[in-house]
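What follows is a single structure, written as structure tokens, with notes after it.
The values are calculated or read from the model by the stated rules, or taken from the named source; none is laboratory data. Since the structure is predicted, the reported quantities are computational estimates derived from the model, not experimental observations. Cβ atoms come from the backbone with ideal geometry, glycine included; neighbour counts cover every protein chain shown. Calculation scope for accessible area: heavy atoms of the full protein, side chains included, ligands and nucleic acids excluded. Shrake-Rupley method; radii C 1.70, N 1.55, O 1.52, S 1.80 Å.
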Amino acid sequence: MGRKPLETSTDENARAMDLVAQSAQNALQRKEEINARFLENGENYSLNACLEKAKFYQEQMASGMLGLGAQLLLLKVNEGHGNFMAAVEELGLSQTSANYAMSAALKFGNSPTLGNLGSSKLKALTVLDDKQTQDFVNGEKIEGLGTSDDVAAMTVRELRNALRQLRDEKTKLEVEHAKQIEAVENVVRKKESKISELEMEVAGKQSPTKEELAEQSLKEIRKQMIIRFSSMNAELDELNRLLARAQETEGVTVDQLDSLSDGVGEFYSLFDDKYQDFNQDMENIRPMRKE
């Protein structure tokens, strides 16, 4: 019992090490993906280069938010958290602005068609889901929002209102869909319950099998055997009491007691033989088939 806590602790340590290793692997994979996506061909990551490019895009914030977000993503995956935060501070960005820029870059890439929308509209558009984002970048019309040209003609307030209505409509559809699924599941549960009730009812009406009939017969036989054994046990107790009375008889001798078995021994021998046969039959009991 004393080894269990040690084994549990060892298991927990092993799981913790696996989680650390997995986290490191995920971080490395993430860094490789961001580098491959945002570094120019043949270019290696450089802290100074990212900062210079970020400053360049910052100066053209209206059209350069996507580029700024890309450089921030490169900084984030290639530098430690402390260096990344220092870079954000050096650029004079709030954490919220940096997060918006990175989110926009991840969603919209370096799409030149969205650069004229301005940073405020790009921030607002980050609420679109992945499919809507892809359609929007490809110039397709989003129901309730329009195309990128339609968005460019809107004010920021109009865009936010349109996105809010789009979100509310999506939430409404999701709620209705959830209700439909719940209704279907309720119908299925009721049908399954009814089927189970019918199956139980049919099972109750079916004729018992041979095994079930045999089990009922065995219950009665077992009951009768217990009665017989109880009766035999009582008879043996009575025989012991008679033997004790013989021994307690006043004036009785050993020779007289030895003669007590005359005419009784054969019954004892018969009983012993039958008991041995019965015990052997019980140990080797098997079904007997009628011919």
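Can you name the residue in region 123-139 that is touching a Ser or Thr at 6+ places or on another chain (Cβ under 9 Å) and part of a helix (DSSP H, G or I) and, of all such residues, is surrounded by the fewest Cβ atoms within 10 Å (Cβ to Cβ)?
Once the filter is applied, the top-ranked residue is Val137.
Do you know which residues across region 143-173 are in a helix (DSSP H, G or I) and among the hydrophobic types (A, V, I, L, M, F, W, C)? Can you show your working first?
Here is the first cut: in region 143-173, the ones in a helix (DSSP H, G or I) are 148-153, 156-173.
Result: Val151, Ala152, Ala153, Val156, Leu159, Ala162, Leu163, Leu166, Leu173.
Can you spot a residue in region 65-73 that is open to solvent by 60 Å² or more (accessible area, probe 1.4 Å), at negative phi and at pLDDT below 90? If you could, list the steps in order and put the result at the bottom.
Filtering region 65-73 down to residues open to solvent by 60 Å² or more (accessible area, probe 1.4 Å) leaves none.
No, because not a single residue in region 65-73 is open to solvent by 60 Å² or more (accessible area, probe 1.4 Å), at negative phi and at pLDDT below 90.
So, in region 63-103, how many residues would count as being among the aromatic types (Phe, Trp, Tyr) and in contact with a Phe, Trp or Tyr (Cβ under 9 Å, 6 or more places away or on another chain)?
Summing the residues that are among the aromatic types (Phe, Trp, Tyr) and in contact with a Phe, Trp or Tyr (Cβ under 9 Å, 6 or more places away or on another chain) in region 63-103 gives 0.
Specify the residue that is surrounded by the fewest Cβ atoms within 10 Å (Cβ to Cβ); the eligible residues are those in region 80-107 that are of a type in the set (Ser, Thr, Tyr) and part of a helix (DSSP H, G or I).
Step by step, filter region 80-107, then rank; the result is Thr96.
Can you say whether Glu248 is among the acidic types (Asp, Glu), modelled with pLDDT under 80 and open to solvent by 90 Å² or more (accessible area, probe 1.4 Å), as far as the supplied structure shows?
Criteria not met by Glu248.
Here's the yes/no breakdown for (1) over 26 Å from Leu218 (Cβ atoms); (2) at pLDDT 80 or above; (3) surrounded by 10 or more Cβ atoms within 10 Å (Cβ to Cβ); (4) not small (Gly, Ala, Ser):
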{"site": "Leu260", "(1), (2), (3), (4)": "yes, no, yes, yes"}
{"site": "Gly265", "(1), (2), (3), (4)": "yes, no, yes, no"}
{"site": "Ser269", "(1), (2), (3), (4)": "yes, no, yes, no"}
{"site": "Arg289", "(1), (2), (3), (4)": "no, no, no, yes"}
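Which residues, counting only those in region 32-54, are out of contact with any Leu (no Cβ under 9 Å at 6 or more places or on another chain), of a type in the set (D, E, K, R) and open to solvent by less than 100 Å² (accessible area, probe 1.4 Å)?
Glu33, Glu43
Scan region 140-193 for residues that are of a type in the set (Lys, Arg) and exposed (fewer than 13 other Cβ atoms within 10 Å of the Cβ) and jot them down. Before you say what the answer is, go through the steps one by one.
First pass over region 140-193, keeping only residues of a type in the set (Lys, Arg): 141, 157, 160, 164, 167, 170, 172, 179, 189-191.
Correct list: Arg157, Arg164, Lys172, Lys179, Arg189, Lys190, Lys191.
Collect the residues in region 36-53 that are more than 44 Å from the chain's Cα centre (by Cα) and of a type in the set (Gly, Ala, Ser), keeping them in residue-number order.
Once the filter is applied, which keeps residues that are more than 44 Å from the chain's Cα centre (by Cα) and of a type in the set (Gly, Ala, Ser), region 36-53 yields Gly42, Ala49.
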